Amino acid sequence: MKNLSLCLLLVLLIQSKLSFGQNDKSPALRHLISVVERYQKRLTPEKVYIHTDKATYFIGDTIWFKAYTLDKRDLSASDKSQLLYVELNDDSLVNVKRVSIPLSYGIGWAQIPLSVKQFHEGTYTLRAYTNWMQNLSEDRFFKQRIYIGKPTAETWQIQANTQLVDKAPLTEVQVKMNIARLNKQPVTSQSVQAIVMEKDKVLIRKDLKTTPNGELDLAFDLKDKERSENLRLYIVNTQKGERGQTQSVPLLFNRPQNIDLQFFPEGGNWVAGISSTVGFKAINEDGRSANVSGGIYDSQNKKVSDFKTTHNGMGTVEMAPVAGETYTARIDAPNGNGVVYQLPKVNAEGTVIHFENREKDDSLTVKFAFSPGLKGRDKYSLVGEARDFVSYSGMVEPKDGAYSIPKKIFPSGIVHFTLFKDTIPVSERIVFIDHKDQFKLNVTADKPVYATKDSVVLNLAVNDSKGKPVKEGSFSLSVTDDSKVRADTAGNSNIATTLLLTSDLKGYVEDPAYYFNPGNADRLKALDNLMLTQGWIGLSWKDVFKTTKPKFRAEEQFVITGKVISAFKKPVEGAQVLVSSKKPVFIKQTLTDKKGVYTFKDLPLLDTSSFLIVASTPKGKMMRYGELTVDRFEPAPIPEELLTPMQPWFVNTDSITQRAVNATIEKLGDEMPKNSGQILKGVTITGRKVIPHSDNINGAGNADIVFDEKDIKEAGVIDLYEFLQQQLPGFRVVMKDGFPAIMFDKYYMGIKIDNIPLSLNVDGPVPTVASVIAAMKEHAVDSYIGVEVMTSRKFTRIGPSGTSIGIASYSPDAQKVAMAANSVKPWGYNREEGRDDYVFWRLGRAIGRDLDAGIIEITTRFKTGQYRYDYGPLNRVKYRPIYTLYARDFYSPKYTVKDKPTEPDLRTTIYWSPDIVTDDKGRARVVFYTGDKAGKYSVILQGADLQGGIGSQYMKLNVE
């Protein structure tokens, strides 16, 4: 089937090259096509879609998901990658969880438990990509925003209303709040501190008290540069005996003067004397669309046109600009803000391109208009690429005219057209093609109404767009309780809107399902406006002309590869390489090839185990010279981008969220922390853990925060920096007083491994934040069995015997005395060269200034001290792969008439099935049981036949 799809693509490509009625091709166009073909063979793109059981979660939940990894050309199952990386990254750009899942025929499914120990409350980005996808831009990765809440019995519910009051020359923010406990009782006469922060900067700090009715008011002046998306209000409980609870309240407001209004001439060129379509988009301060109207003015302040948004802040105007003229726009009341917006520069000459994409037509109409000076000169070529593959190319005469391009030569989705002069792009435009070829999915229930704890039978039928059964299609189905979960029944994140639309557009797309709903009469016009104003993701012509070899390889399901080189940096052929693990017990041997490369395949199923890899000479003797390396996975950097904020569950809580909170608290019981943490997402410790053989002078486990071997393994990270960043929210490396400092909240931190100060190879003469982070990432966590964090005075100043311990012994003077007694050179950072003792030199500077400081004590399994990737014998390497997740069964109770359990059914996801396969008639059947509460359930079914077809459907179930 896949070969047939490729043949069809080639036929369509040949047809498309003749569609302008011209058989001749310029040398430039022939060269361009050949370059693109080479690029496509070198970097065949993949696409990923993740279907999750729901969109919002609480700590203690599990994210159940299914991954579809497809060849972008025809949406068939990808045969490139057999491993997929799935991440949860928080809004501080910290990776909190990274796992790999095995793929078979492009699909795989697994689950991520949201443990109390590992996750803090906040908004996360679920990101998924293959190693091969890293050869192209990060924009191509699958990304979905998810909120993870952490309800506790002590958490306050805050009804908040933010208003702006003009008090010239400043604007005053007025926040009115009602604060109540989970039982709806007002938090009366409570001492609190209100802190307004702009990112990491404190703007306002006020001590306040709630009224007898639980009301709390706050007012403060707002500067123009302070934007809504960067501000947070923290309410800190300062009542005596109840200190520590902190809750974050977004300050959501929009100011007219901060509306972002941009204009986009069709094709990118605004040319004097030629009438053209100009798209525009208005965005509010909170990142969402603004509906506005206004006028466009010339340099003499004469209005030349009106404009008005039609959907989601977008619209178009038709204008023929005048040569040498400049144009501005102003918004009318009620959003009039006095801001003058510049329109794009008017080009003296150029080419204007215009597309007409009418639903009833079988062809696209493309119109060209050229400046008089360009007519009759060099020919142009038009190239249309869909899914990173050229589906159309044709020559364009430099004269005004219209051409027809058959829509059938393109697949459904976004098509990117580029007009070239020789090999230089001069105009670009995207259009959306919809062949209405998604699957028709039908879900029918065996009863119109169900009782509680009743058996449900759903019959599924899947046909293609022509009515033929879809055989051996792979589908996933989720059933959620409407009383506790707000399901994506509109389809804003379903497989079609993602793969066909949002995955090929840059930035945030508001309500993408709107453009697929036939009930919206203006959807096609609104969709074309989106194409005019939104940045797209496709072929980068700059990259197409490069001939560099891909850096990242397509990975097989799970292999270990590396290289053995001699002392002279030459590959060693026939070297004997052994790989072993202790848990499970496993050993395997292989030989290196002519390039010195070794490969281990068919390895055992692992969870968090690590491997020891040892190399010997071809004669089996110990290698005393040369080096053994292992290829380690390089995760994609987390980009700094503007992310749409999501509101915490405890702010303006509705009834659906309230019921989900109650179920979570009841389900977790004693596992749930007792408060909501500190401002910097502080860590709450619920019990003492003893670390065997710890050198903690307070005694093993006597620390503010303790992680044992199980915690370290469950983290699923590779190096020390990743572990601390993930497990200690508020941990960071920042520049302080001209030098990088390792910080945890307000504390300067020192790190010891088996009582030995951490050694870092930082770059000299003056280290940077990046060099300290890079040096920490050299330290592997394979051998760690305990990490103890001490910041409170009782653990860092005074020991059981009353003697000074912990960081007190690391002040500069104490260092000199202790080391002189042992004939050791005093510590101190030499600015002229990098030194291994940087961390405690930096800590000593902080202690000398009487700043808050702490210690992290790390214990290894065999008390061998720190292990760095470049430490130890050159013939052996420790290797810990990314934690591989394997699918587990979703728990679905089976109730009987005779014996119905009395325990409450606390499920929010009633049923999840990722492995539905249709039979020869395109049908399948699932069975599950309802919960113990009456209400409505949302059923969402979606999937693919792994040969190019996709589809989704939803329905409702009634439970009485």
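The values are calculated or read from the model by the stated rules, or taken from the named source; none is laboratory data. Source: prediction; values computed, not measured. Note that each Cβ is placed from the backbone with ideal geometry, even for glycine, and that neighbours are counted across all protein chains shown.
At a glance:
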{"quantity": "Wholly enclosed strands (runs of 3 or more DSSP E) of segment 98-188 bearing at least 2 residues hydrophobic (A, V, I, L, M, F, W, C), more than 30 Å from GLY943 (Cα to Cα) and over 15 Å from the mean Cα position of the chain (by Cα)", "calculated": "157-167, 170-180"}
{"quantity": "Residues satisfying the stated conditions in segment 331-346, i.e. surrounded by fewer than 18 Cβ atoms within 10 Å (Cβ to Cβ) and not in a loop (DSSP other than H, G, I, E, B)", "calculated": "GLN342"}
{"quantity": "Residue count, segment 423-467 (criterion: among the basic types (Lys, Arg), modelled with pLDDT under 95 and closer than 30 Å to LEU539 by Cα)", "calculated": "1"}
{"quantity": "Residue among PHE253, PHE263 that alone is on the phi < 0 side of the Ramachandran plot, aromatic (Phe, Trp, Tyr), assigned to a strand (DSSP E or B) and crowded, with 17+ Cβ neighbours inside 10 Å", "calculated": "PHE263"}
{"quantity": "Selected residue [outside any loop (DSSP other than H, G, I, E, B) and farther than 30 Å from GLU709 by Cα] from VAL564, VAL579, VAL614", "calculated": "VAL564"}
{"quantity": "SER483 touching a Phe, Trp or Tyr at 6+ places or on another chain (Cβ under 8 Å) and not acidic (Asp, Glu)", "calculated": "no"}
{"quantity": "Lone unmet requirement of (1) among the charged types (D, E, K, R); (2) part of a loop (DSSP other than H, G, I, E, B); (3) closer than 30 Å to HIS435 by Cα for ASP915", "calculated": "(2)"}
{"quantity": "Counted residues, segment 521-551 - those being aliphatic (A, V, I, L, M), within 26 Å of PRO635 (Cα to Cα) and not in a loop (DSSP other than H, G, I, E, B)", "calculated": "1"}
{"quantity": "Where LEU501 falls short, out of the listed (1) out of contact with any helix residue (DSSP H, G or I) (no Cβ under 6 Å at 6 or more places or on another chain); (2) more than 30 Å from GLN658 (Cβ to Cβ); (3) not aromatic (Phe, Trp, Tyr)", "calculated": "(1)"}
{"quantity": "Residue within segment 213-230 that is at pLDDT below 95, buried (at least 18 other Cβ atoms within 10 Å of the Cβ) and of a type in the set (S, T, N, Q) present", "calculated": "yes"}
{"quantity": "Residue in segment 925-950 that is nearest to ARG907 (Cα to Cα), counting only those that are assigned to a strand (DSSP E or B) and of a type in the set (D, E, K, R)", "calculated": "LYS936"}
{"quantity": "Residue tally, condition farther than 19 Å from THR497 by Cβ, in contact (Cβ under 8 Å) with a residue 12 or more places away in the chain and not aliphatic (A, V, I, L, M), over segment 513-545", "calculated": "4"}
{"quantity": "Residue among SER610, SER581, SER616 that alone is modelled with pLDDT of 90 or more and farther than 29 Å from ARG140 by Cβ", "calculated": "SER616"}
{"quantity": "Counted residues, segment 468-492 - those being modelled with pLDDT of 95 or more and among the small types (Gly, Ala, Ser)", "calculated": "4"}
{"quantity": "Candidate set from segment 916-931 (those that are in contact with an Asp or Glu (Cβ under 7 Å, 6 or more places away or on another chain) and buried (at least 18 other Cβ atoms within 10 Å of the Cβ)); member that is modelled with the lowest pLDDT", "calculated": "GLY931"}
{"quantity": "Subset of segment 316-349 (residues that are among the basic types (Lys, Arg) and free of Cβ contacts under 8 Å to residues at least 40 places away in the same chain)", "calculated": "ARG330"}
